[in-house]
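Chemist: For reference, the structure I am asking about is given below.
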Amino acid sequence: MTRLQPFFSTIEQSIGYLHLAEIQKIIKKELKGKSGIYGFLCKTNNKLYVGSSIDLSTRFNKHIKGFKSNILLQRAINKYKLQDFIFIIFEYCGPEEVISREQHFFDILIPEFNILKTAGSSLGYTHTPETLAQISGENGKNHIPETLVLMSEANKGENNVW
């Protein structure tokens, strides 16, 4: 938290105990319909993730559930668990301002968990060779014709879900 001390007077909210269902429920209710800039701070290594959303409640939920979330943040949550994180609302702002305000906080705080360094853009992001292989099907996910026939036969008659 020491890295955020200069910003304490401007931080709207910071909430711990994210592993508790009741806290998650309160956060989601409080954030419903609000847009702004948020962060997750890991207390163990003092690393930060900064994000923005026009629906903070939904975005918070996706991070907590690990759905459409930043992979570096998710790995840290899996390693250290939610109780090691503090959720921060840096500021509430209008939907038209979230990208510029997120970039402002990127530039000042230089968050370690963020993969992309430009708010709202995937410009400059390069997939790893492993990811490219997965996308193209080079990792064996494409089935050979014999397997496709077997799968088709297995789903005929009584086994057909339709």
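The values are calculated or read from the model by the stated rules, or taken from the named source; none is laboratory data. Here the structure is a predicted model, which is why all the values come from computation and not from measurement. Heads up, the Cβs are rebuilt from the backbone with ideal geometry, glycines too, and the neighbour counts pull from every protein chain shown.
Chemist: Yes or no: Cys93 surrounded by 13 or more Cβ atoms within 10 Å (Cβ to Cβ), within 18 Å of Pro111 (Cα to Cα) and of a type outside the set (S, T, N, Q)?
Modeler: no
Chemist: More than 19 Å from Leu18 (Cα to Cα), assigned by TED's automatic domain parsing to the domain that holds Lys28 and surrounded by 14 or more Cβ atoms within 10 Å (Cβ to Cβ): which single residue out of Asn114, Asn61 fits that description?
Modeler: Working: Asn61 fails: more than 19 Å from Leu18 (Cα to Cα).
Within the list Asn114, Asn61, the selection yields Asn114.
Chemist: Just the residues that are of a type in the set (S, T, N, Q), more than 15 Å from the chain's Cα centre (by Cα) and surrounded by fewer than 19 Cβ atoms within 10 Å (Cβ to Cβ), please, taken from the stretch 16-58.
Modeler: Thr44, Asn45, Asn46 - these are the residues of the stretch 16-58 that are of a type in the set (S, T, N, Q), more than 15 Å from the chain's Cα centre (by Cα) and surrounded by fewer than 19 Cβ atoms within 10 Å (Cβ to Cβ).
Chemist: Let me ask something else. Within the stretch 32-54, is even one residue at pLDDT below 90 and touching a helix residue (DSSP H, G or I) at 6+ places or on another chain (Cβ under 8 Å)?
Modeler: No, there is no match, as no residue in the stretch 32-54 is at pLDDT below 90 and touching a helix residue (DSSP H, G or I) at 6+ places or on another chain (Cβ under 8 Å).
Chemist: Now a separate question. Taking Asn78 as the residue in question, decide whether it is modelled with pLDDT under 75 and over 19 Å from Ser35 (Cα atoms).
Modeler: Considered against the rule, which asks whether it is modelled with pLDDT under 75 and over 19 Å from Ser35 (Cα atoms), Asn78 comes out as no.
Chemist: Would a scan of the stretch 85-100 turn up a residue that is in contact with a Pro (Cβ under 8 Å, 6 or more places away or on another chain) and either more than 25 Å from Thr128 (Cα to Cα) or at pLDDT below 90 (or both)?
Modeler: There is no residue in the stretch 85-100 that is in contact with a Pro (Cβ under 8 Å, 6 or more places away or on another chain) and either more than 25 Å from Thr128 (Cα to Cα) or at pLDDT below 90 (or both).
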